Amino acid sequence: MASVRVAVRVRPLSQREKDLSAKVIIQVDGHKTSVLNMKDNFHCMSGESCGESVKSFPYDFSYDSMDSTSPSFVTQEKIFTDLGTDVLQAAFEGYNACVFAYGQTGSGKSYTMMGNPVDDPIKILGRRTGRLQCVNEASILAACPFLWAFYFEIYNERVRDLLPSTETQGCELRVREHPKDGPYVEALSRHHVQSYTEVGQLMQEGNRRRATASTGMNHVSSRSHAIFTIHFIKAMFDADLPSETVSKVHLVDLAGSERANATQATGIRLKEGANINKSLVTLGIVISALADLSVGGGLKKKQNFVPYRDSVLTWLLKDSLGGNSKTIMIATISPADVNYSETLNTLRYASRAKNILNKPTVNEDSSVKIIRELRAEIARLKALLSAGNQVS
Ligand SMILES: Nc1ncnc2c1ncn2[C@@H]1O[C@H](COP(=O)(O)OP(=O)(O)OP(=O)(O)O)[C@@H](O)[C@H]1O
Ligand SMILES: [Mg+2]
């Protein structure tokens, strides 16, 4: 069993927030992120007694990316090293892994997962020039000759291929559930990749197709949930038999939770917003149900039900939430007082997610595992037989 690990990241004040003369209400101290309610008390940040008006939450990681001149400033690079390294390590060991970014619209999810597309094209899995410490490009190629990449988005509850082949171009793809491997997207096109550079190129190509639009809150707002998946196929010999492990890494950039009045959405944008919120509400219910399961152990049967199938997003993330995966949630927040209630919601949500217990297991080749077990059984029976012969 392994808990979902949670990181919180605070971005700098945006121009819009500066124009509104917004105040910074977030403080990061070690693993703890605190939020101040300015309406209750103005003086807390200067160290005076704050009573109930400061709420603090401990996480596995708290990242302060508010001010690049501050000594506590955390760069993209540091986040990639902390989190990306673990994800790659897990995949190499044969585990599934998932990183998903959650937070209010405009809080920095896409920036953290994909980098700034204009001047900082870097991704959570690594970068061309600053390689991850434990696994570099050469070792990926040596140890893992097969990497398949997939990229799709869920837009208005429909699945679209972001790297389409001629067959999947413009099609709505279906989600199915394999009895052993769980939910998957049928007929999704796959792409053989050999380096980070190729992974990065595919990600950028898919991002160009992804549904984005300018809203009142974010001029590059993601209007869909995007899931980039890499299958690591590792060939080896096990019990003298050729065998392979297939581990899946999902990188999930969710569309942001939003309030219709803040984004000034109407028409198509409003419908998109309603669908985005529907999947996020389901995600919230799934996280709550899983957190209750882990904390309460044996709650009543009815309460134990986890409604994965209520949205395409949660159905496809079934393994990553409460299943066979090492999962990391990155909750992104704005530092500004104008976003107080959204930020508090995100921090509470992230706190609940910490309680989710997953069951990561190495994805062994099942036929090789059976052969190994049968061989052990034969050896045991032979030993019993020869012991019997000796007695007679
Ligand atoms: N850590 C950061 N440092 C500098 N700029 C950032 C950071 N995080 C976000 N930004 C900037 O803030 C804006 C909004 O970020 P981003 O698009 O990543 O938000 P989002 O959470 O993905 O929003 P949405 O849910 O609408 O897609 C972008 O212009 C981005 O470049
Ligand atoms: Mg986004």
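Any read-out appearing in this document is the output of simple, stated calculations on the displayed coordinates, not a laboratory observation. These numbers were taken from a predicted model, which means no experiment stands behind them. Heads up, the Cβs are rebuilt from the backbone with ideal geometry, glycines too, and the neighbour counts pull from every protein chain shown.
I need Ile285, Ile330, Ile25 ordered by Cβ neighbour count within 10 Å, fewest first.
Arranged by neighbour count, lowest to highest, Ile285, Ile330, Ile25 become Ile285, Ile25, Ile330.
Taking the Cα-to-Cβ direction at Val220 and at Leu20 and moving 7 Å from each Cα, how far apart do the two end points lie in nm?
2.1 nm
For every other residue with a beta carbon closer than 12 angstrom to the beta carbon of Gln169, add +1 if it is Lys or Arg and -1 if Asp or Glu, then tell me the sum.
-1
Counting other beta carbons within 10 Å of each Cβ, put Leu293, Leu381 in order, fewest first.
Result, fewest neighbours first: Leu381, Leu293.
Quick one: 3J(HN,Hα) in Hz for the stretch 84-92, Karplus 6.51/-1.76/1.60 with θ = phi - 60°, rounded, Gly and Pro as x.
Each residue of the stretch 84-92 in turn: x, 4, 4, 5, 5, 4, 4, 4, 5 Hz.
I need the phi-derived Karplus couplings for the stretch 186-193: 6.51 cos²θ - 1.76 cosθ + 1.60, θ = phi - 60°, integer Hz, Gly and Pro marked x.
Couplings: 6, 6, 5, 6, 10, 9, 6, 10 Hz.
What net charge do the residues around Ala226 carry, taking every other residue with its C-beta under 9 Å from that of Ala226, with Lys and Arg at +1 and Asp and Glu at -1?
The answer is -1.
Using the number of other C-beta atoms within 10 angstrom as an exposure proxy, rank Thr229, Thr166, Thr197 with the fewest first.
Listing Thr229, Thr166, Thr197 from fewest to most nearby Cβ atoms yields Thr166, Thr197, Thr229.
Quick one: which residues, 5 or more positions from Val6 or on another chain, have an amide H under 5 Å from its amide H? H modelled 1.01 Å from N in the peptide plane, none for Pro or chain starts.
Under 5 Å from the amide H of Val6: Asp60, Phe61, Met329.
Say the dipole of the stretch 320-387 comes from +1 at the beta carbon of Lys and Arg and -1 at that of Asp and Glu; which of Gly322, Leu374, Ser341 then lies farthest toward its positive end?
Checked the options; the winner is Leu374.
Chymotrypsin sites (Phe, Trp or Tyr not before Pro), restricted to the stretch 283-392: which are DSSP loop and have at most 16 other Cβ atoms within 10 Å?
Loop-located and lightly packed - Phe305.
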